[in-house]
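Taking it in order: structure first as structure tokens, then the write-up.
Each value in this text was obtained by applying a stated rule to the coordinates, not by laboratory testing. In this text the structure is predicted, and so the values were computed from the model without any measurement. Quick reminder, even Gly has a Cβ in these numbers, built from the backbone with ideal geometry, and neighbours come from all protein chains shown.
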Amino acid sequence: SDMGLFWLNKAVDFKDVNAILQLAQIYYFGMYGISPNTSKAAELYLSAAKKGHAIAQFQIGNILYNGNGLKKC
């Protein structure tokens, strides 16, 4: 819902690592009426990965390996 995304974005603004990951997932998979945006997802995954979130680290590695949204390694 729009309110859910509003509050999720607020949590992201406060640097909540789990909120950052959740928003990245929404952009990566294109959920809740948001079109997939791998570049935006990669930016968010990288932010969460730098904060030590293991799932985000895995996802950013996967994106880099496959070249989805970032320059392929």
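Structure notes:
- Around D16: net Lys/Arg minus Asp/Glu count, Cβ-Cβ under 13 Å: +2
- Here's the list of aspartates and glutamates a cross-link from K51 could span, going by alpha-carbon distance under 20 Å and ignoring same-chain residues fewer than 8 apart: D13, D16, E43.
- Only one of [x] 13.3; [y] 12.0; [z] 11.7 was calculated from the structure for Kirkwood radius over Cα pairs in Å, and its label is [y].
- Rounded to the nearest 500, the helix-only mean residue ellipticity at 222 nm of the chain stands at -22000 deg cm²/dmol, with each DSSP H run of n ≥ 4 adding -39,500 (n - 2.57).
- A straight line joining the Cα centroids of the range 39-55 and the range 20-38 runs 13 Å.
- Dipole of the chain, positive end: most advanced residue of A11, Q57, F29 [Cβ charges, Cα centre]: Q57
- Counting charges near G52 (Lys, Arg +1; Asp, Glu -1) among other residues having Cβ under 15 Å from its Cβ returns a value of +2.
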